[in-house]
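**Q** Take a look at the following structure, please.
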2 protein chains.
Amino acid sequence: MLAQRVSALLPVADLTDHAPPSEVQLPAPRVSAPFAFASTDPLDRAAHAHGKAFRDVVRNLHAEFPHTPDAVLRPRTEADVVDVLDWASGETVAVVPYGGGSSVVGGVEPRFDGPSVSLDLSALDQVLEVDLVSRAARIQAGAFGPHLEAQLKPHDVTLRHFPQSFEFSTLGGWLATRAGGHFATLYTHIDDLVESLRVVTPAGVSESRRLPGSGAGPSPDRMFLGSEGTLGVITEAWVRVHARPQWRAQAAVRFTSWPSAVAATRAIAQAALYPANCRLLDPTEAFLNAGTDAPGGVLVLAFESADHPVDAALERAVQLCREHGGEPRPREQGDTSGDWRSSFVRMPYQRDALARMGMIVETFETATTWDRFDALHAAVTAAAQDAIARVAGAGVVTCRFTHVYPDGPAPYYGIYAAGRWGSTLAQWDEIKAAVSEAIAAAGGTITHHHAVGRDHRPWYDRQRPEPFAAALRAAKGALDPAGILNPGVLVD
Amino acid sequence: MLAQRVSALLPVADLTDHAPPSEVQLPAPRVSAPFAFASTDPLDRAAHAHGKAFRDVVRNLHAEFPHTPDAVLRPRTEADVVDVLDWASGETVAVVPYGGGSSVVGGVEPRFDGPSVSLDLSALDQVLEVDLVSRAARIQAGAFGPHLEAQLKPHDVTLRHFPQSFEFSTLGGWLATRAGGHFATLYTHIDDLVESLRVVTPAGVSESRRLPGSGAGPSPDRMFLGSEGTLGVITEAWVRVHARPQWRAQAAVRFTSWPSAVAATRAIAQAALYPANCRLLDPTEAFLNAGTDAPGGVLVLAFESADHPVDAALERAVQLCREHGGEPRPREQGDTSGDWRSSFVRMPYQRDALARMGMIVETFETATTWDRFDALHAAVTAAAQDAIARVAGAGVVTCRFTHVYPDGPAPYYGIYAAGRWGSTLAQWDEIKAAVSEAIAAAGGTITHHHAVGRDHRPWYDRQRPEPFAAALRAAKGALDPAGILNPGVLVD
C-alpha cells in the first residue's frame, strides 16, 4: 500500500524490483576466538556486519561488506561475557556488542581496521524475576521485544516499551542506545523504565542497587544508558513494569493549517494531560501512512490507563485542538489512528521493499524546543528538498512528531526519493549530510532516539560539551583500558 | 507548637534553652585570595564553615569551628568563577562551591587539611531569559528559591520546585545535589526540570544544548547533576517552568492500620494518578506535625493542575484509600494538609529551637522498592530506637513518605530524643551510624535527596558500583586535574 502511495507521489520513478544477491564472499577470519560459542560461518558473520539502516539494506542488496566481524560470539552466561572481554582485552581484539542488530546509525558495524568479534547477546533472553509488589522485573539484556513481553504476560504486566524496532531489537540494545518507545509522553524512554543495571566492563562487573529514586551522586545508570557498548556490556536490568491498560480513548484530529496543528500539539503537551499518543502527522505523512487528505496535518491522540477512565482527558485534548481550529474525524470515516499504528509496525518491511526498487527511503529525527521548532523545521525541510533535487530530482519529505514534551517536540522526518539503482547510497549520504548540518545549525540534537553510532559522530562531536567529552574519554579509559569496546562509537 | 508536642512525648527531658555564643575565634587565614570579591571577615568565614544539619547547629551553638574557609569569594560574573578556578588550580587551594549553605551532609564544610576558599555564588542570582513558548527559563545558579520565583512571577510561570530548604537554598545547590521538591510524584526532582546546564570546570566551560530530549550518548547534564561541586561549578541552567496551578483538590485520609495505609499509598502510586502530594505520615508524625490522632497514620493527598479540574483524580485516589480501610477526614474537622504544609515550611526554624534546648532533633531519608519497604522500615526503626535507648534513654522515631514512585517510596525519618547538653552531637553521631548501617543492609539508598556530602561517604562508597567509582574518579581527574574542587566529597 505504501509503495502505491509513494508511486502516486513520484510518478516518473523507475521502480523495478531488484532481488538480493544469492551469495556473499567474505575474507577469512583474522583471529580465532577460543570459545565453544564462537561462530565463523560466513552467513553469520555477514548477518552481523550491518545494522538495519537504509545504507545497510542497500549494501546488503549489492553484497557490499567492507567490514565484517571475524567471528560471532554468542555467550550463554554472564561469565561467558566476562571471559570474552578478558580474552579480547589481552589480545586487543575489538568487541562489538550486538543485540538485535537494528541499529540505523552504524552502531554494530566494525567500521575500523583490525580484528573484531560481534558479541551477540541473544542467548541471554530470560525474564529472571518478576516483583509484582514493586512492579519490576529482572530481565536479561538479550531478550527481544516480543519474547520479553510473552514472558511478562502470564504475570499480567507489561514493560510497555514499544520502539518501532520492537520485533527486531533487545532490551540491552534499548538500554545502550537510550531507545524511545511508541508512547508520546511521560514514561516512554527506556531510561525512565530502569531501576538498576548490571554491566560487564573490562574493569569488573558494575551493578547498581534497585532503587525507585536516589540522590547519591551522579546516577551510575545514566552513565551506561546511551554508552552504546563503549563502556561495558549490559547483561541484565531491573526494569519497571506496568499493569496492562484497561481503559482507552482515542481520536484523530484534522487541521487545515500546519501552524495551528503545531500550536494545538504544544498546548496539549503543556497541559499535563500525558497522552499515550500525541503524534502529529504532516499532510504528506498523513497521506502516505493513512491515506488521509488534511491540508494542515492530522493529530493522532490516544489515552490509556490500567486504573481509571480516560475520556475526560481525551475530551480536554480535543477541546484544545478545536480552540486551534482542529476538527476531530468521526470514527466511522476511517480510524486514522488504527491505520497509522499498523503502518508504524509494518514500516521496516515496507522500507526494505522500496529500497529493492531503487528508491531512497530513510528517516532522520531530532528534538528541539518549541520556540525554535518553526525555524528548524523550515531549515531542515529546505535542506532536504534542496539535496533531493540536487542528487535525485524528485522526492518527498515528510514530518511527524514521535514524542512531545512540555518544552519541545521530537520531529521525525521521512525521505522518499527516486534513486538511481547502484547510486542510492551515495545519493542518500549527500542528503543525510545536508539535513544533519541543518539540524546542527538550528540547535537540534543530532539524534533523539536513534543513537550516535558511527554515522552521527561528526555532528555529535560538535554537539556535546568538550569538557564532557574529556570526562567520557577518561571514564572509558578507566573501564576499558585496552580500548576494545565498540571502537569509533562516541569516543576515539 | 512542635516543642509543646515533643515535650508531651518526652516528659522527662530537660529543655533548658541555651543561647548561641556571642563571639567566635578563628585562626588567621592561611592564604590570600587576590580578588576584589574576597572576604576574610571572621563572621563571614564562620558563616560559611558549616551547613544546616543538626550537627552544624550544635557546633555553632558551642562555637566549635574545627575547619573554616580561609576566605569567602563572591564572584559577580561567570568570568570571576573562571578566574577563581584558574588561581586555585595554580596555587592548589581547595574550592568549596557554596549556594545557600543548606547542606545537611557536610557538603560545604572544608573538612580537610590545607587552605580553602568558600565560593559563594549568591551574587549570580538573576533570571536571565524567560521563553514562554517553550516554558523554560535561563537562571543563574546563585538565585535563592524565593528570589527566583519572584522573578518568574511577572511572567505568570513557576519553577514549581519547593524543597524544604526553599528559602535557604539556591538553584545551583539544588542541581549539584539532585534536590527533591515538595511534590510527591512526577516532575518534582530538579533533575527532571533541567533543559541544559552551564558549568565552569578547571578544564573549561561546559554548556549543553537546550533540548527537550536527546539520545545522543550518555546525558552530559546527568553527569553534573549530583556532582556536588566536585566536577565543576554550575553557573546557570535552562530549566522547565510551568503555568501556575488554577485547579486544586485535596484530602487527608485517616487509617487505623499502618500496613493498610502503606498498601493504599502504593495503590495510588501505581495508578498513574500523579498526585502533587501523597504524603503518608505515620501516627507519631501525624501527631507531632498536625496534632492528629490516627493509629494507622494519615495520608495527605493533593492534586493540582494549570489546565483542568482534578476532582476526579482525587476521588479515585480516595476510593483507593477506602478500599484499604482509609477514611477521609471531613474538612471541617481540621485541614490536616494545610497544617502539615505550614509545619513543613516552619520546620527548619523549629529544629534549631529544639537543638538549643539540648534535644537531638534530626532527620534521615532513603528510598527502597515496595517489596523491601516493610523489612527496611522495621530494621531502620529498630536500629534508631535501639541507638536512642543506648545513648539518650528516651526518644521518638517518626516516619513519613516524601515521594512515592510506582516501584517504591522514599521514607523520611525524624528523631526526637532527649540529649545531654554538650553531648548531643556525639549522641546523634552514634544514632546516625546505626541507622545508616541499617539502611545499607536493607538495600536502601544512603540518600534519596539530601546528597552524599562528607557525612554519607562511608555508605555511599559501599553503595555505588566500583566500576562507576573508577569512572567518576577518572572523569574528575580530567576535569579537575589539580583536585581543588570540594575535596572529600564523592571521590578522593
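No lab work stands behind these numbers, since they all come straight from the coordinates. What you see is a predicted model, and the numbers here were worked out from it, not measured in a lab. Using ideal geometry, Cβ is built from the backbone for each residue, glycine included, and neighbour counts are taken over all protein chains shown.
**Q** Which one of these is within 12 Å of chain B (Cβ to nearest Cβ) and under 21 Å from A:Val58 (Cβ atoms): A:His450, A:His403?
**A** Of A:His450, A:His403, the one residue that is within 12 Å of chain B (Cβ to nearest Cβ) and under 21 Å from A:Val58 (Cβ atoms) is A:His450.
**Q** Collect the residues in segment A:422-444 that are outside any helix (DSSP H, G or I), closer than 22 Å to A:Ile388 by Cα and within 12 Å of chain B (Cβ to nearest Cβ), keeping them in residue-number order.
**A** If we filter segment A:422-444 for residues that are outside any helix (DSSP H, G or I), which is where we start, we get A:422-423, A:442-444.
Right, trim to closer than 22 Å to A:Ile388 by Cα and you get A:422-423, A:442, A:444.
Those that are outside any helix (DSSP H, G or I), closer than 22 Å to A:Ile388 by Cα and within 12 Å of chain B (Cβ to nearest Cβ): A:Ala442, A:Gly444.
**Q** So which of A:Arg457, A:Arg400, A:Arg420 is of a type outside the set (Gly, Ala, Ser) and within 25 Å of B:Leu479 (Cβ to Cβ)? Walk me through it before giving the result.
**A** Details: A:Arg400 fails: within 25 Å of B:Leu479 (Cβ to Cβ); A:Arg420 fails: within 25 Å of B:Leu479 (Cβ to Cβ).
One residue alone meets the criteria, A:Arg457.
**Q** So which strands (runs of 3 or more DSSP E) are wholly in segment A:196-283 and hold at least 3 residues that are within 21 Å of the chain's Cα centre (by Cα) and buried (at least 24 other Cβ atoms within 10 Å of the Cβ)? First the steps, then the outcome.
**A** On the way: elements: A:204-207, A:233-240, A:247-255, A:277-281.
Because the criterion is at least 3 residues that are within 21 Å of the chain's Cα centre (by Cα) and buried (at least 24 other Cβ atoms within 10 Å of the Cβ), the strands (runs of 3 or more DSSP E) in segment A:196-283 that meet it are A:233-240, A:277-281.
**Q** For segment B:6-37, what are the residues that are surrounded by fewer than 18 Cβ atoms within 10 Å (Cβ to Cβ) and outside any loop (DSSP other than H, G, I, E, B)?
**A** The answer is B:Ser7, B:Ala8, B:Leu9.
Here is a yes/no grid of residues against (1) closer than 27 Å to B:Ala469 by Cβ; (2) in contact with a Leu (Cβ under 7 Å, 6 or more places away or on another chain):
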| position | (1), (2) |
| --- | --- |
| A:Ala434 | no, no |
| A:Ala442 | no, yes |
| A:Ile446 | no, no |
| A:Arg454 | no, no |
| A:Arg464 | yes, no |
| A:Pro467 | yes, yes |
| A:Gly477 | yes, no |
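**Q** Do we have any residue at all in segment A:59-72 that's touching a strand residue (DSSP E or B) at 6+ places or on another chain (Cβ under 6 Å), under 30 Å from A:Thr201 (Cβ atoms) and not in a loop (DSSP other than H, G, I, E, B)?
**A** Looking for residues that are touching a strand residue (DSSP E or B) at 6+ places or on another chain (Cβ under 6 Å), under 30 Å from A:Thr201 (Cβ atoms) and not in a loop (DSSP other than H, G, I, E, B), one finds at least one in segment A:59-72, hence yes.
**Q** Hey, among the residues in segment B:454-471 that are closer than 20 Å to B:Asn486 by Cα and in contact with a Lys or Arg (Cβ under 9 Å, 6 or more places away or on another chain), which one's nearest to the other protein chains (Cβ to nearest Cβ)?
**A** From segment B:454-471, those closer than 20 Å to B:Asn486 by Cα are B:454-461, B:464, B:468-471; that's our starting set.
Within this subset, residues satisfying the condition of being in contact with a Lys or Arg (Cβ under 9 Å, 6 or more places away or on another chain) are B:454-455, B:464, B:471.
On the way: B:Arg454: 13, B:Asp455: 12, B:Arg464: 6, B:Ala471: 4 Å.
Filtering segment B:454-471 for residues that are closer than 20 Å to B:Asn486 by Cα and in contact with a Lys or Arg (Cβ under 9 Å, 6 or more places away or on another chain), the one nearest to the other protein chains (Cβ to nearest Cβ) comes out as B:Ala471.
**Q** Can you spot a residue in segment B:396-419 that is buried (at least 22 other Cβ atoms within 10 Å of the Cβ), among the charged types (D, E, K, R), closer than 25 Å to B:Gly181 by Cβ and in contact (Cβ under 8 Å) with a residue 40 or more places away in the chain?
**A** Looking for residues that are buried (at least 22 other Cβ atoms within 10 Å of the Cβ), among the charged types (D, E, K, R), closer than 25 Å to B:Gly181 by Cβ and in contact (Cβ under 8 Å) with a residue 40 or more places away in the chain, one finds at least one in segment B:396-419, hence yes.
**Q** Looking only at segment B:445-463, filter to residues that are in contact with a Ser or Thr (Cβ under 9 Å, 6 or more places away or on another chain) and without any contact (Cβ under 8 Å) to a residue 40 or more places away in the chain; which one of those is nearest to B:Gln385 (Cα to Cα)?
**A** B:Trp459
**Q** Another question, then. Just need a number here: residues in segment B:287-325 that are within 14 Å of another protein chain (Cβ to nearest Cβ) and not in a helix (DSSP H, G or I).
**A** So the answer is 8.
**Q** Out of the strands (runs of 3 or more DSSP E) lying entirely within segment B:88-186, which hold 1 or more residues that are more than 16 Å from the chain's Cα centre (by Cα) and within 14 Å of chain A (Cβ to nearest Cβ)?
**A** Working: elements: B:94-98, B:116-120, B:127-131, B:136-140.
Result: B:127-131, B:136-140.
**Q** For residues that are of a type in the set (D, E, K, R) and in contact with a Leu (Cβ under 7 Å, 6 or more places away or on another chain), tally how many sit in segment B:60-113.
**A** Of segment B:60-113, the ones of a type in the set (D, E, K, R) are B:64, B:70, B:74, B:76, B:78, B:80, B:83, B:86, B:91, B:109, B:111, B:113.
Next, only the ones that are in contact with a Leu (Cβ under 7 Å, 6 or more places away or on another chain) stay: none.
Count: 0.
**Q** Among the residues of segment B:417-429, count how many are closer than 19 Å to B:Glu64 by Cα and over 21 Å from the mean Cα position of the chain (by Cα). Lay out the reasoning, then the answer.
**A** Going through segment B:417-429, the residues closer than 19 Å to B:Glu64 by Cα turn out to be B:419-429.
Filter once more, so that each one left must be over 21 Å from the mean Cα position of the chain (by Cα): B:419-424, B:426-427.
Count: 8.
**Q** Determine which member of the set B:Ala216, B:Ala269, B:Ala237, B:Ala276 is touching a Pro at 6+ places or on another chain (Cβ under 6 Å), within 14 Å of chain A (Cβ to nearest Cβ), among the aliphatic types (A, V, I, L, M) and closer than 30 Å to B:Ala176 by Cα.
**A** Values: B:Ala216 fails: touching a Pro at 6+ places or on another chain (Cβ under 6 Å); B:Ala237 fails: touching a Pro at 6+ places or on another chain (Cβ under 6 Å); B:Ala276 fails: touching a Pro at 6+ places or on another chain (Cβ under 6 Å).
One residue alone meets the criteria, B:Ala269.
**Q** Now for a separate question. Filter segment A:360-373 down to the residues that are out of contact with any Lys or Arg (no Cβ under 9 Å at 6 or more places or on another chain) and away from every other protein chain (no Cβ under 14 Å) and list them by number.
**A** A:Ile360
**Q** Follow-up. What pairs can you find where one residue is in segment B:187-213 and more than 7 Å from chain A (Cβ to nearest Cβ) and over 24 Å from A:Asp192 (Cα atoms), the other is assigned to a loop (DSSP other than H, G, I, E, B) and among the charged types (D, E, K, R), and their Cβ atoms are less than 8 Å apart, with a gap of 6+ or different chains?
**A** As it stands, the answer is B:Pro202/B:Asp480, since those pairs meet every condition given.
**Q** Please enumerate the residues belonging to segment A:371-395 that are over 22 Å from the mean Cα position of the chain (by Cα), surrounded by 20 or more Cβ atoms within 10 Å (Cβ to Cβ) and not in a loop (DSSP other than H, G, I, E, B). Working first, answer last.
**A** Step one: list which residues in segment A:371-395 are over 22 Å from the mean Cα position of the chain (by Cα), which gives A:371-372, A:374-375, A:378-379, A:382-383, A:385-395.
This time we only want the ones that are surrounded by 20 or more Cβ atoms within 10 Å (Cβ to Cβ), so: A:383, A:387-388, A:391-392, A:395.
Once the filter is applied, which keeps residues that are over 22 Å from the mean Cα position of the chain (by Cα), surrounded by 20 or more Cβ atoms within 10 Å (Cβ to Cβ) and not in a loop (DSSP other than H, G, I, E, B), segment A:371-395 yields A:Ala383, A:Ala387, A:Ile388, A:Val391, A:Gly395.
**Q** Continuing with this model, one more query. How many residues are more than 13 Å from chain A (Cβ to nearest Cβ) and on the phi > 0 side of the Ramachandran plot when one looks only at segment B:472-489? Steps first, answer last, please.
**A** To start, the set of residues in segment B:472-489 that are more than 13 Å from chain A (Cβ to nearest Cβ) comprises B:482-484, B:487-488.
This time we only want the ones that are on the phi > 0 side of the Ramachandran plot, so: B:483, B:488.
Going through segment B:472-489 one residue at a time, the tally reaches 2.
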